[in-house]
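Asker: Here it is, the structure, as structure tokens.
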Amino acid sequence: MSVNASEVRPRLHVGHAVAVCVGMVVGAGIFRTSPEVAAALDSETALLLAWLLGGVLSVIGGLCFAELAAAYPDQGGDYSFLRRAYGPGLGFLFAWSRFTVIHSGSVALLAFVFGDYLNQLLPLGPGGSAAFGASLIVLLVALNLRGVRVGVGTQLGLMLIVMAGLLAVGAAGLVQQIQGVPPADPVAPAAALGFAAFGQAMIFVLLAYGGWSDAATLSAEVADPKRDMPLALGIGLGLVLALYLLVNWAYLRGLGLGGLAASEAPAADLMRLAFGRTGEVLIVAVVAVTAITVMNAILIAGARTTFAAARDLGFEGLGAWDATRGVPRGALFGLAGVSLALVALGLLTRGGFSTLVDYLSPVYWGFLMLSGVAVILLRRRDPGRPRAFRVPLYPLLPLLFSASCAYLLYSSLVYVREGALVAVAVLFLGALLWLPLRKRAQA
């Protein structure tokens with residue numbers, strides 16, 4: 001059900017919005033993406049510049065989404081913007097991609113983050129990460145089927161735990177600096193910096209900044225959108241940027257560029273170097289708590305999105321609701337099944353986390369590009385619509401954001417690997433499914 005703009009009450013001030021923005025963006029990704037960035041680049045300077053650029057692009061994207069959310073407040077977020085701008089066909093394709101790629105892929109990706117760190121602490125061999133990750137998915141789905149919930153109030157606690165972990169990693173780098181310990185492996189990997197390689201690095205960088213699109217929906221709830229949204233996004237993402245630069249400096253200081261590129265659990269490796277086994281155990285606990293909480297949130301929200309779409313389209317299996325426990329049973333099983341299949345894909349390709357990033361990226365950046373263009377399309381088609389917040393420097397920033405997304409889409413496809421091929425095939429299957437559904441929607 002859509003929310004009328006007049007029904008949305010402004011309740012948040014800048015401080016609240018900053019806290020929510022940071023909480024939505026900072027997650028487990030920063031603990032796993034940096035090695036992939038280091039492997040694609042040829043210098044420490046290039047790595048830190050990539051993280052700086054990622055923060056700037058996230059702010060620009062957040063401003064574009066803030067305008068859309070302020071003009072068309074709706075629980076559907078991206079889905080409602082895309083459907084309004086491009087029609088029900090693309091809306092369905094995005095809803096399909098949420099179920100089969102974005103939500104399920106994110107769950108599987110976080111399962112590998114969890115598994116990589118736990119396998120570092122309790123090694124089970126090459127398949128250990130997948131085993132730990134798959135077990136966690138099964139456990140979380142079982143808890144959700146029983147009606148167990150993680151309360152909304154845990155968001156602040158999670159944010160504080162993650163920020164404490166990031167600061168601890170920064171402290172580990174500082175300890176190495178003070179003690180004069182040289183980096184473990186300062187030799188750069190054999191990477192030649194080029195247009196495509198930098199794009200590959202940016203895919204992983206912006207994965208860690210993911211969440212700003214959700215934070216931008218706050219534009220309908222802040223007291224003064226014109227003033228508060230740029231401040232909230234700028235301050236919130238500025239804090240995230242500062243933390244990410246600190247962590248990556250610490251990684252480089254302790255592990256070196258070559259050591260960072262070779263690590264599957266860089267925070268654990270660095271904390272062990274600086275603080276011994278105790279430091280390693282503590283940071284693994286932080287990563288585990290973060291991954292579990294974010295995965296659980298995706299399962300809750302993603303299953304309900306899938307349930308709503310399946311119910312509307314008459315899919316009885318995915319649209320099954322357990323009234324006793326108040327859970328979308330069919331959608332939970334469906335989302336878990338796809339997520340487990342993707343964990344198996346990561347295991348079979350031996351790429352794990354990287355395979356899931358390959359799987360997510362083309363679909364994710366393709367739809368974000370269309371969302372950026374939607375800012376311009378909807379301004380032209382619906383000029384009389386009240387817009388409490390407007391993107392500054394219009395149309396330059398929406399065009400810049402859309403062009404950046406197009407570059408990242410190109411980068412995710414230029415070296416086509418198994419994950420990207422599977423994602424494109426899944427999206428094509430969704431387009432085929434829409435053909436008979438289109439007649440039903442028009443009836």
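Asker: List the relative contact order of the chain as a percent without decimals, with contacts defined as Cα pairs under 8 Å and 6+ residues apart.
Answerer: Numbers: 712 pairs, mean separation 137.5, N = 443.
Reported relative contact order: 31 percent.
Asker: Would you mind checking which residues have amide H under 5 Å from Ala320's amide H? H placed 1.01 Å from N; only 5 or more apart, or other chain.
Answerer: Result for Ala320 returns Gly330, Ala331.
Asker: Springs between alpha-carbon atoms under 10 Å, Gaussian network over the chain: tell me which of Phe81, Phe333, Phe428 tops the mean-square fluctuations.
Answerer: Per the Cα network of the chain with a 10 Å cutoff, Phe428 tops the list.
Asker: Let me ask you something else. Compute the distance from the alpha-carbon center of region 82-139 to that of region 284-361, in whole Å.
Answerer: The distance from the Cα centre of region 82-139 to that of region 284-361 comes to 7 Å.
Asker: In whole Hz, with x marking every Gly and Pro, tabulate ³J(HN,Hα) for region 89-99 from phi via Karplus 6.51 cos²θ - 1.76 cosθ + 1.60, θ = phi - 60°.
Answerer: Per residue, the Karplus-derived 3J(HN,Hα) values read x, 5, x, 5, 4, 5, 4, 4, 5, 4, 6 Hz.
Asker: I've got another one for you. Might you tell me the accessible area per residue for the chain, computed with a 1.4 Å probe and given in Å²?
Answerer: I get 41 Å² per residue for the chain.
Asker: Would you compute, from DSSP H runs of 4+ residues alone, the mean residue ellipticity of the chain at 222 nm, taking -39500 (n - 2.57) per run and dividing by the full residue count, rounded to the nearest 500?
Answerer: Details: 16 runs with 331 residues, N = 443.
Using -39500 (n - 2.57) per qualifying helix, the result is -26000 deg cm²/dmol.
Asker: Something else about it: Leaving ligands, DNA and RNA out of it, report the carbon-plus-sulfur percent of the accessible area of the chain at a 1.4 Å probe. List each step's numbers first, then the result.
Answerer: Working: 12170 of 18280 Å².
Carbon with sulfur: 67 percent of the solvent-accessible area.
Asker: Using alpha carbons only, how many degrees (0 to 90, rounded to 10) separate the axis of helix 128-145 from the longest principal axis of the chain?
Answerer: Its long axis makes an angle of about 40 degrees.
Asker: Also, quick follow-up: In region 360-421, which chymotrypsin sites (Phe, Trp or Tyr not before Pro) fall in coil by DSSP and have 12 or fewer other Cβ atoms within 10 Å? Kindly include the intermediate steps, with their values, before the conclusion.
Answerer: On the way: sites: Tyr364, Trp365, Phe367, Phe389, Phe401, Tyr407, Tyr410, Tyr415; in loops: Phe389, Tyr415.
When the chymotrypsin sites (Phe, Trp or Tyr not before Pro) of region 360-421 are filtered for loop state and at most 12 Cβ neighbours within 10 Å, Tyr415 remain.
The values are calculated or read from the model by the stated rules, or taken from the named source; none is laboratory data. Note that this is a predicted model, so its numbers are computed, not measured. Neighbour counts are summed over all protein chains in view; Cβ atoms, including those assigned to glycine, are modelled from backbone coordinates with ideal geometry. With ligands, DNA and RNA removed, areas are computed over all heavy atoms of the protein, side chains included. Shrake-Rupley method; radii C 1.70, N 1.55, O 1.52, S 1.80 Å.
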